[in-house]
Amino acid sequence: MKRHMIVLLILSLFLTGCWDKRELNELAITVAMGIDKVEDEFQLTAQVVVPSEVSMKQSSGRSPVTLFQAKGETVYEALRKMTISSPRKIYPGHLRMLVIGEELAQEGIGESLELLSRDWELRSDFYVVVAKDKTAAEILNVSTPIESIPANKMFNTLKTSENSWSATKGITLDDLISDLISDGQNPVLSGIYITGNEESGSSKQNVESITPSAQILYDYLAVFNKDKLVGWLTERESIGYNYITNSIKTTVTSVSCPEKGKASIEVIQFKSDMKGKINKGEPEVDVNIQVEGNVGSVECHINLKEPVTIEELEKIYEKEVKESIDQTIETAQKQYKTDIFGFGQAIHRSNPKTWKKIKEQWDEKFTDMVVNVEVDLKLRRTGTVNKSFLKSLQE
Amino acid sequence: MMRNIKINSNQFLVLVIFFTIGTSILEVPSALADKTNQDAWITAIIGTGIGLLVIWFFTWIALWFPTLTYIQITEKIFGKWIGRVASLIFISLPLLYTSSLLFQSGNFLNTHMMPYTPMVALNILMVGILVMGVYLGLETIARSAEILFAFFFLAFFVFVLLIAPEIRIENVQPVFEVNLKNMLQSSLFLVITSSVNAIVILMIFPAFLNKVKQARRSFLIGNLIGGIVIIIITFLSVSVLGADKTANEIFPSFELAKRISTGDFIERIEVLMASLWIISLYFKMILYFYATVFGIAQVLNLKDYRPLTMPLGLIVMVLSLVIYPNVVYKQDMNITTEYSFSLIVGIFIPLLLALIYGIRKKSLKKELNSSK
Amino acid sequence: MLKVIGILLVAAVIWRVEVPSLLQKNYKKELVVFLLFLSIGVGLGIVQALGKPIPNPMDFLTFIFNPLNDTFFR
């Protein structure tokens, strides 16, 4: 008898694992969240998967996701309050996207991120983006083709465009927070916006036509000063930003031919190196960019059988890319006055002592510091053909 | 000095065929069609003919001393010191061309299949099997060539059969539009890549062959068969793709394989066909590499060549990454500097050799007899 | 840096494979030549891995053969 009791007691020990049990059918799996500021309150929007619609076997044609919304004085309050409309508890463990409304971003994103960095259920591998000209709720309210869950579409679009076009940048919560707290580096975030008729965007009919009437698109980078949105970069500047910060994987850049016309260079290998130094007491940064590329297309009349042509193209590319990088730096220095590139950190790494002295006035120092940009392109291949057929077209 | 390695004349035949086809299968159609347009295939025939003469010349030299390699012959005829200098110049050719071919294999895969894989990664794999082959020795190379030969010709036969329906005979008309002088000039590319560079084969012929007389026939027949393959490929390229497209493509025969579409069923098999060029490229490369390693060992009078294989593999690997900064440069080098280099090493020095041999014939014979 | 370590590792493996048997057979000359080529290979490899330019032998040949190239092949 005594033996049996002991066995029972030991077995019951395993039950402690069930204390915090939550079954799948008690959870509202949230894939995207939006935070806006409405009348001094945080408005939280959660995009939640409807499990019966994403299962392969039986779907009744309803939308695969649904939105819940709640307001509160803090984000956490709003999150819990959501249960007044949601039948299940919001579970953010599978979060892919966090969308921040533009208005909130202008006021500062720090407070709203605090909960997200503290909450144990969240993994920090989701992307953070800023809704351009819109509230976050409006962005989350658009249905999308191909990926039936809009959050997945946003996630994958950002990932793909970051890898193969490089005018956007996928920034996770971790990256964002480390940019926010570190001296000498201010964050950027990708922007997201809607084109077309957003009224019909939320219904399922939106994805039933070949061209959806409302579409979610990425815009270029949003520039922050500390945690406040101060402006937007253009497309060219966004690419320039990614050039400087070594965040290009592959991209295509068009360059002008020696005579009229355009050619495009496909970047296949990319490396950019940032080194800080102190020159006569003033901080300086060298940016050294090494690119390997192929000739992607030739829309002009050049003779690709001559090695000289390749050298010429390399020179033009180097010059044009350097120009657009210089332009980006100037925009950051003169227009927005915020060090989004992490030049301050580069100085910090190379000259820690001087950095301590200039740290306080870094914002002023940054605006008129010297940045030496060097671009080195090596063209390797010309695709599957050498001479362009346009050449014979001309003759 | 070395173990007694012997390969038979059939194995030698296969090696010569692979050497002749080598890179030519990928590049010759484009190079020939550039100047001679639709007559490229006639140029290929002319090139093969001249190539056979060159090979005959090589065998003639080699058979003066049927037990010696080319390096030993050079030293015998030129004397020790001038001979060594000539030998070093000779060895630099296969050394350079091993890296060149290594670049080609990486470049081919980079262009058509794996654009974002760094070439280093592709080349490391290739160098791996290259070093392995040379390390295992000539017999192993010859036997594996024999085995892969069957596959090669089966695939080639299927390839020709499948692409044949796409032939547009209008593409090769009018025949003989280009004058003979242009043809001779263009055919130089084929003569050099397939035949003049075959001087490196004199490192195994006739010293490592068991029946020298038969081997001489194998050398000539191998070159002829290889040449025929090139002629067929060139003809197919021009007649299927058209002369201009052939000239513009970097790898016309791969483009050719993309055109295969039989009954909407057998199509998209170009990657399978790519194994054709990889095999022939590999054996050409390995013959170059073997000549390099073995040649260095012989010039320095080493007892074993194998310790040098891996260090030279490393050198060749690095060279393959630096010798051609880009493909345009490569194509330019192919028809200028490499022409000169091949002609100096493959024609000029052997001619000099023949001249001096003629003068010193008697004393050399006496020396040979007295040493016996 | 990782690449340099990789090359040194490869060199170490080559060393491990070749040197003991060379010593055993008492092949002195072979050992010297082996070491010479190994160090050339490792040296070139490291320079390449660090991204420094290596003189191109093809440029050297082009320099030598330029007169020949110009008269015949251009």
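Assorted remarks:
One line per residue, one yes/no per condition, for (1) in a loop (DSSP other than H, G, I, E, B); (2) within 10 Å of the chain's Cα centre (by Cα):
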{"position": "A:137", "(1), (2)": "no, no"}
{"position": "A:151", "(1), (2)": "no, no"}
{"position": "A:160", "(1), (2)": "no, no"}
{"position": "A:170", "(1), (2)": "yes, yes"}
{"position": "A:174", "(1), (2)": "no, no"}
{"position": "A:177", "(1), (2)": "no, no"}
{"position": "A:191", "(1), (2)": "no, yes"}
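- Helices (runs of 4 or more DSSP H) within the range B:5-93 that include 1 or more residues open to solvent by 10 Å² or more (accessible area, probe 1.4 Å) and over 29 Å from residue B:106 (Cβ atoms): B:9-21, B:40-62, B:70-78
Residue-by-condition table, conditions (1) modelled with pLDDT of 80 or more; (2) among the polar types (S, T, N, Q); (3) surrounded by fewer than 15 Cβ atoms within 10 Å (Cβ to Cβ); (4) not assigned by TED's automatic domain parsing to the domain that holds residue A:202:
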position: A:26; (1), (2), (3), (4): yes, no, yes, no
position: A:32; (1), (2), (3), (4): yes, no, no, no
position: A:35; (1), (2), (3), (4): yes, no, no, no
position: A:41; (1), (2), (3), (4): yes, no, no, no
position: A:47; (1), (2), (3), (4): yes, yes, no, no
position: A:53; (1), (2), (3), (4): no, no, no, no
position: A:68; (1), (2), (3), (4): yes, no, no, no
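- Scope the range C:18-38; condition open to solvent by 70 Å² or more (accessible area, probe 1.4 Å), more than 7 Å from every other protein chain (Cβ to nearest Cβ) and part of a helix (DSSP H, G or I); matching residues: C:23, C:24, C:25, C:28, C:32, C:36
- When B:163, B:129 are checked against the criterion of being in a helix (DSSP H, G or I) and open to solvent by 60 Å² or more (accessible area, probe 1.4 Å), B:129 stands alone in meeting it.
- Of the residues in the range A:112-120, none is touching a helix residue (DSSP H, G or I) at 6+ places or on another chain (Cβ under 7 Å), crowded, with 19+ Cβ neighbours inside 10 Å, under 22 Å from residue A:50 (Cα atoms) and not hydrophobic (A, V, I, L, M, F, W, C).
- Yes/no for residue A:210 being of a type in the set (Val, Ile, Thr) and closer than 20 Å to residue A:248 by Cβ: no
- Number of the condition not met by residue B:351 [criteria: (1) within 23 Å of residue B:250 (Cα to Cα); (2) open to solvent by 10 Å² or more (accessible area, probe 1.4 Å); (3) away from chain C (no Cβ under 14 Å)]: (1)
- Of all the criteria given as (1) without any contact (Cβ under 8 Å) to a residue 60 or more places away in the chain; (2) in contact with a strand residue (DSSP E or B) (Cβ under 6 Å, 6 or more places away or on another chain), the one not satisfied by residue A:366 is (2).
- Residue count for the range B:104-132, restricted to those that are of a type in the set (A, V, I, L, M), in contact (Cβ under 8 Å) with a residue 40 or more places away in the chain and away from chain A (no Cβ under 13 Å): 6
- Taking (1) closer than 20 Å to residue A:157 by Cβ; (2) open to solvent by 40 Å² or more (accessible area, probe 1.4 Å) in turn, residue A:218 satisfies each apart from (2).
- So residue A:201, is it farther than 29 Å from residue A:333 by Cβ and either surrounded by 18 or more Cβ atoms within 10 Å (Cβ to Cβ) or among the aliphatic types (A, V, I, L, M) (or both): yes
- Taken over the range A:327-352, the residue count meeting the criterion of being touching a residue at least 60 places away in the same chain (Cβ under 8 Å) and either in a helix (DSSP H, G or I) or open to solvent by 20 Å² or more (accessible area, probe 1.4 Å) (or both) is 17.
- Some residue of the range C:44-64 being more than 9 Å from every other protein chain (Cβ to nearest Cβ) and of a type in the set (Val, Ile, Thr): yes
- One residue stands out among those in the range C:39-60 that are in a helix (DSSP H, G or I), without any contact (Cβ under 8 Å) to a residue 12 or more places away in the chain and of a type in the set (A, V, I, L, M, F, W, C): the one that is least open to solvent (accessible area, probe 1.4 Å), which is C:58.
- Scope the range B:134-160; condition more than 26 Å from residue B:257 (Cβ to Cβ), touching a residue at least 24 places away in the same chain (Cβ under 8 Å) and open to solvent by less than 70 Å² (accessible area, probe 1.4 Å); matching residues: B:134, B:135, B:137, B:138, B:139, B:141, B:142
- Yes/no for residue A:290 being in a strand (DSSP E or B) and surrounded by fewer than 16 Cβ atoms within 10 Å (Cβ to Cβ): yes
- Looking only at the range A:363-388, and only at residues there that are assigned to a strand (DSSP E or B) and within 7 Å of chain B (Cβ to nearest Cβ), the one that is surrounded by the fewest Cβ atoms within 10 Å (Cβ to Cβ): A:378
- In the range A:316-326, residue farthest from residue A:380 (Cα to Cα) [restricted to those that are open to solvent by less than 10 Å² (accessible area, probe 1.4 Å) and of a type in the set (Val, Ile, Thr)]: A:325
- Any hit, the range A:353-362, residues being exposed (fewer than 15 other Cβ atoms within 10 Å of the Cβ) and touching a residue at least 12 places away in the same chain (Cβ under 8 Å): yes
- Test for residue A:391: is it in a helix (DSSP H, G or I), away from chain B (no Cβ under 14 Å) and open to solvent by 20 Å² or more (accessible area, probe 1.4 Å): no
- Checked against (1) outside any helix (DSSP H, G or I); (2) surrounded by 22 or more Cβ atoms within 10 Å (Cβ to Cβ), residue B:310 meets all criteria but (1).
- Residue that is farthest from the other protein chains (Cβ to nearest Cβ) [pool: residues in the range B:258-304 that are open to solvent by less than 10 Å² (accessible area, probe 1.4 Å) and of a type in the set (Ser, Thr, Tyr)]: B:280
- Of all the numbered requirements in (1) within 14 Å of another protein chain (Cβ to nearest Cβ); (2) surrounded by fewer than 18 Cβ atoms within 10 Å (Cβ to Cβ); (3) closer than 20 Å to residue A:266 by Cβ, residue A:313 misses one, and that requirement is (2).
- Considering residues of the range B:305-341 that are closer than 18 Å to residue C:56 by Cα and hydroxyl-bearing (Ser, Thr, Tyr) only, the residue farthest from the other protein chains (Cβ to nearest Cβ): B:320
- Residues (assigned to a helix (DSSP H, G or I) and among the small types (Gly, Ala, Ser)) located in the range A:220-264: A:238, A:240
Here is a yes/no grid of residues against (1) among the aliphatic types (A, V, I, L, M); (2) in contact with a helix residue (DSSP H, G or I) (Cβ under 8 Å, 6 or more places away or on another chain); (3) closer than 11 Å to residue A:346 by Cβ:
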position: A:257; (1), (2), (3): no, yes, no
position: A:262; (1), (2), (3): no, no, no
position: A:271; (1), (2), (3): no, no, no
position: A:279; (1), (2), (3): no, no, no
position: A:287; (1), (2), (3): yes, yes, yes
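The values are calculated or read from the model by the stated rules, or taken from the named source; none is laboratory data. Computed from a predicted structure; not experimentally measured. Here the Cβ is made from the backbone with ideal geometry for all residues, glycine too, and neighbour counts use every protein chain on show. Remember, those area values only see protein heavy atoms, side chains included, never the ligands or the DNA or RNA. Shrake-Rupley method; radii C 1.70, N 1.55, O 1.52, S 1.80 Å.
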